[in-house]
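No lab work stands behind these numbers, since they all come straight from the coordinates. Everything numeric here is computed off the predicted structure, so don't read it as measured data. Note that we place each Cβ from the backbone using ideal geometry, even for glycine, and neighbour counts take in every protein chain shown.
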Amino acid sequence: MIVGVLRETAAEERRVALIPDDVRGLAGVRVIVEHDAGRSIGFDDAAYVAAGAQVGERAEIFARCDVVVWVKPPAYQLDSVRPGMTLIGFQDPVHRYDLIARLRARGIESVGYETVPHSRPDIDALSAMSRIAGDVAYEQGRQLLSAEGPVRAFILGCGQAGLAAIAAAAARGDEPTAMGNHKEQESTAIRHGAEAFLPNPDGLLVHLTADPPDLIICAAVHRGSRGPLLLDATALDALRTGTVIVDLVAKSGGNCVATVPDRTVTLPNGVIVTHRSNYPTLRPVEASHAYSAATAALLKSRTAFSAEQ
């Protein structure tokens, strides 16, 4: 098997799908790394060569490789992808549904981390990235607040990103309340630092009115699905001037009706709503190591499966 590692082309993306240490651990796999793929996190081409990889250009990767790995989908067209190839990485299945279907019709497999089950933590890159995103998003939202001292934080969703945001709030001495979609999530949220828990969205408006939060983190989404709309116009009208909303799931439809992808907007009532497509890239070294570990584990499992056939 020949694996190609692409240089990322998404805006401001600084991660890389495989780091040299994990390339070194891929016994029996030939690796071609696109020129300068790891440069933004301190890995030059020589580091990959020392790990046993070959360095090449994009055209060579698509011409020779059986498997191509990326972090985010390339910004360019995939016309040169050959039938029989496998594309591994985040696939953005909501917005790229039609493209993925067209690739499949041409005999090209798209393996998306958005659909990896929690039961496979070794290859669960989404959970690893979500944990980093939740922590970073909380800090980003905190910086937009004008309030000093402990703040009331409200985290929508108790997945990996939501739990990381809860932990970040607790570490800062803030007062986090969490909302999940079932009662069984309460103990996990409390263990991560939540001071209170709402078991479903039915009481959301009452909570926003009775105990207005200073900071809301939107992290409610199921893997590969559209995020539920939780903060509609009525909910936004209940918030106070200066409230900050960080929507982590805009790429999946968003939890907030006022979210504008990759922008920070101030609503007429003074509520601030912010989103960026890629919070983990603000910690590119940590994120690349975690992502690469999952990618290497997935490649090893595919190699082992092929050897058994």
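Observations, loosely collected:
- Highest-first arrangement of 270-278, 124-132, 155-163, where packing means the average Cβ count within 10 Å: 155-163, 124-132, 270-278
- Ranked by how many other beta carbons lie within 10 Å on average, peptides 165-173, 6-14 from highest: 165-173, 6-14
- Here's the list of aspartates and glutamates a cross-link from K72 could span, going by alpha-carbon distance under 14 Å and ignoring same-chain residues fewer than 8 apart: E8, E12, E13, D92, E114.
- Summed side-chain charge close to I155 - residues other than I155 whose Cβ falls under 15 Å, Lys, Arg +1, Asp, Glu -1: -4
- Two-decimal Rg to Rh for the stretch 199-268 - Kirkwood Rh, Cα set: 0.94
- Structural size metrics of the stretch 73-222, computed from C-alpha coordinates, are Rg and Dmax of 18.9, 58 Å.
- Once the Kirkwood radius over Cα pairs is known for the stretch 143-229, the Stokes-Einstein relation at 4 °C and 1.567 mPa s delivers a diffusion coefficient of 100 µm²/s.
- When the Cα convex hull of the stretch 1-112 is projected onto planes of every orientation, the mean area is 6.5 nm².
- Across the stretch 158-204, the convex hull enclosing all Cα atoms gives 60 Å³ per residue.
- Taking each residue as 0.36 nm, the span from S80 to H289 lengthens on full extension beyond its C-alpha to C-alpha distance by 72.4 nm.
- Rg and Dmax over the alpha-carbon atoms of the chain stand at 20.8, 62 Å.
- Extended-chain gain in nm, criterion 0.36 nm per residue less alpha-carbon gap, E12 and A147: 45.6 nm
- Treating r as the C-beta distance of S187 and D211 and R0 as 22 Å, the FRET efficiency rounds to 0.55.
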